[in-house]
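Read the structure below first, then the notes.
Since every read-out is calculated from the coordinates, none of them should be taken as a lab result. Because the structure is predicted, anything quoted here is derived from the model rather than measured. As a convention, Cβ positions derive from the backbone with ideal geometry for all residues, glycine included, and neighbour counts pool all protein chains shown.
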Amino acid sequence: MRLTTLFSLILLSTVMAIAGPHRYSSNIEGDVNADGDVTIADVNVVIDAILGGNGTASCDVNHDGDITIADINALIDIILTGPVVPTAETGMYMGLIGYNQTLTTKELTYLDSTSVAGFTEFVNSLTTQPGRLLYYSVDKALDALNAAQYPENLQNVAVVTFTEGLDQGSLMMTDKYETEAEYAAALSNRISNERVYGRSIKAYTVGLLNDHIKDANQFRNNLYALASDSVKAMEASSMAEVNTKLQAIADDLVSRNMSETLTLVFPGVGTGTRIRFTFDEVGANNVDESEVYIEGTFSLKTRSLTNIVYQGLTCNAGDSVAATSVDGMFVTLVFDGIQLDSEDRIVKKNLQEWYWIEDQEAWEASTEFSADRLPEIERTYSSALVMLLLDCSSVLDDNFSELQAAANSFIERMQNYNTIPGMFTVNGVSFQMVPIEGGTFTMGVDSVAVDAGIADADELPAHEVTLEPYSIGQTEVTQELWQAVMGTNPSGFTGEPNRPVEQVSWIDCQEFIARLNAITGKNFRLPTEAEWEYAARGANKSRNYMYAGSDDLAEVAWYYGNSYVVGIESPDFGTHMVGSKHSNEMGLYDMSGNVHEWCSDAYVPYDMEQPENPDASYRHVIRGGCWFSLPRDCRSTSREYESSGMRTYTIGLRLAL
């Protein structure tokens with residue numbers, strides 16, 4: 001025998017005391033107690049299983065069919081050498097259970113365009129029988145969620161249960177409970193307190209109340225007991241209403257597929273000081289009216305925010321967050337996994353910091369906090385585990401085909417979780433297209449602006465343009481995306497892959513787009529000049545700003561005043577990472593400044609007809625100004641042009657679709 005168990009445990013304890021636990025956010029081999037790490041705590045669980053004879057399948061670490069000292073030795077090897085962390089594809093994972101007198105189960109599987117047919121076939125194969133193992137099916141669904149492998153960016157874990165009545169028979173499937181009420185209470189407690197690798201469970205119930213239900217109170221009690229909160233317990237009076245509620249649940253889950261990571265940098269203060277960071281626009285006199293904020297108590301000793309309360313949002317960071325760094329008087333805290341209850345996104349410019357002044361019983365704004373100096377908000381598209389439970393009892397005979405249709409519609413909507421609208425990925429690089437509603441707008445300027453010296457003559461005459469719906473890139477094409485498509489990076493300002501690509505001619509852009517379309521099967525193109533201006537102005541949400549998103553150019557653009565006059569030795573000289581300034585009304589970044597953007601149109605006067613399919617023989621329009629431009633040239637109506645073969649450090653592109 002290689003190592004005695006006792007010696008192994010002593011060695012293991014010593015190693016763990018020195019190194020601490022290995023933390024993981026995946027379902028890993030050897031994580032017997034499913035707490036996200038592999039430590040001596042897992043060894044203790046296996047020892048208890050050996051001594052008590054009550055182990056679960058997870059205690060069989062070496063997969064030889066029994067639980068013995070060999071499993072302890074296998075665990076020790078895993079801890080000392082490091083566990084293997086399995087990987088899983090980002091997206092939606094779904095499992096199905098049809099329940100009556102038995103359970104018919106489709107295990108959790110990645111849901112996409114190729115696997116969706118299998119889910120539909122499973123639903124269509126379900127049949128009705130007497131019985132209704134409602135509690136037991138929820139119990140087994142929770143077990144399945146805990147046993148599942150998932151990607152590192154898991155955000156949502158959900159159980160969605162449809163029932164047409166009361167439980168019948170679950171007590172016969174277990175010896176743990178004596179009454180239905182006891183079983184229901186245990187499940188309610190499990191839903192409230194259990195975590196799937198740190199994630200809480202969202203449990204939805206949809207109940208069809210009809211003439212078969214004699215005990216309506218118990219029926220409603222079940223809905224509430226098996227839901228994670230009262231809002232998620234839904235009563236329906238028809239199958240059409242059941243379908244509507246299931247689709248609403250699907251939309252809710254799909255809409256929560258993105259979380260944000262916020263980095264806050266602020267001056268450290270005395271221990272016990274209450275600090276509030278508000279996310280909505282509030283003034284000094286109405287801080288208490290803020291509906292979205294993070295509040296906590298600062299600890300000078302540990303450089304941390306403690307006793308944290310999240311209002312109007314959820315966050316994975318927990319109720320105490322320690323500083324990731326301290327730079328002189330400034331402390332940096334990182335809050336990850338943020339989702340606003342409103343399903344909006346964090347607007348960095350709205351962030352404010354407040355201190356509670358005890359003797360005045362009032363909040364005071366921090367004069368040293370600046371949202372503009374904060375790092376950019378990171379947005380992450382997340383994954384989900386969802387179990388759908390369908391009542392297949394025989395009383396549903398007349399409505400069962402409608403239930404199957406509703407379930408298949410639910411599955412189809414959930415498939416959209418893996419297809420983020422407007423998001424494309426090419427060779428591992430993702431980019432976002434923003435839909436623009438069609439509409440009519442006035443393009444150009446009037447003669448008054450030209451006479452006043454505000455605008456140029458080529459912006460005349462002001463004229464109405466009507467556009468059909470289209471999509472436009474949220475940002476300029478980055479060097480990272482150009483590299484992914486073309487295999488090269490022609491840019492002069494390198495070092496940050498999310499800087500805009502430059503040194504690309506109009507002709508180069510046509511080649512890039514042709515290759516991109518071949519990869520994606522889409523019809524990307526350069527925007528027309530009218531499409532570009534309409535989007536820059538904010539489209540149907542326009543507030544008539546002079547620049548794309550503001551009348552204050554520095555808020556939205558990298559231009560002459562902050563990117564050229566700083567001098568060539570400055571790190572701010574030249575282009576900057578896309579999206580690092582505020583967006584315009586449509587959520588588009590850098591439409592003023594950073595780099596000029598090629599348009600598909602030839603440069604001709606507005607009162608001249610645009611040539612059909614202008615090729616490389618024409619001079620082409622560039623729009624938006626660049627890091628080298630004066631404010632006048634960064635206006636949303638300003639026009640410039642270059643020959644089709646021109647490559648410079650100041651011209652890039654933005655895609656349209």
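Of note:
- Built amide H within the under 5 Å cut-off of residue 585, gap 5+: 549
- Lys pairs, region 173-329 - Cα-Cα below 26 angstrom, 8 or more residues apart or on other chains: 6
- Working from the Cα coordinates of region 503-657, the gyration tensor eigenvalues give, after taking √(5λ), semi-axes of 24, 18, 16 Å in decreasing order.
- Among 400-408, 314-322, the order from most to least packed when residues are scored by Cβ within 10 Å on average: 400-408, 314-322
- Whole-angstrom Cα spans of region 260-380 along principal axes, big to small: 37, 32, 25
- Degrees, to the nearest 10: 5-19 long Cα axis against longest axis of the chain: 30
- Computed Rg/Rh of region 497-564, alpha carbon atoms with Kirkwood Rh: 1.05
- Under the Debye formula (equal points on every Cα, no solvent term), log10 I(q)/I(0) of region 87-157 at q = 0.18, 0.19, 0.26 Å⁻¹: -0.77, -0.84, -1.21
- Helix-only CD estimate at 222 nm, as mean residue ellipticity for the chain, using -39500 (n - 2.57) per DSSP H run (n ≥ 4): -7500 deg cm²/dmol
- Magnitude of the charge dipole for the chain, about its Cα centre and with charges confined to Cβ atoms of Lys, Arg (+1) and Asp, Glu (-1), is about 940 debye.
- Relative packing of 612-624, 352-364, which averages over residues the other C-beta atoms within 10 Å, highest first: 612-624, 352-364
- When the chain is described by a simple charge dipole with +1 on each Lys and Arg Cβ and -1 on each Asp and Glu Cβ, the residue from 201, 630, 38 located farthest towards its positive end is 38.
- Centre-to-centre, using Cα atoms only, region 579-616 and region 418-481 are separated by 6 Å.
- Taken over the Cα atoms of the chain, the convex hull encloses 223 Å³ per residue.
- Taken about its Cα centre, region 305-420 carries a charge dipole of about 480 debye when Lys and Arg each add +1 at the Cβ and Asp and Glu each add -1 at the Cβ.
- Residues whose amide H comes within less than 5 Å of that of residue 154, counting only those at least five positions distant or on another chain, are 383 (H built at 1.01 Å from N in the peptide plane).
- Region 423-652, dipole about Cα centre (Lys/Arg Cβ +1, Asp/Glu Cβ -1), debye to the nearest 20: 640
- DSSP-defined beta bridges in region 59-214 - what % are antiparallel, rounded to 5: 60
- Estimated vicinal HN-Hα couplings, Hz - region 478-487 in sequence order (Karplus 6.51, -1.76, 1.60; Gly, Pro = x): 8, 4, 4, 5, 4, 4, 5, 8, 9, x
- Candidates 577, 271, 51 compared by Cα position along the dipole of the chain: farthest toward the positive end lies 51, with charges placed on Cβ.
- The chain: antiparallel DSSP beta bridges as a percent of all, rounded to 5: 70
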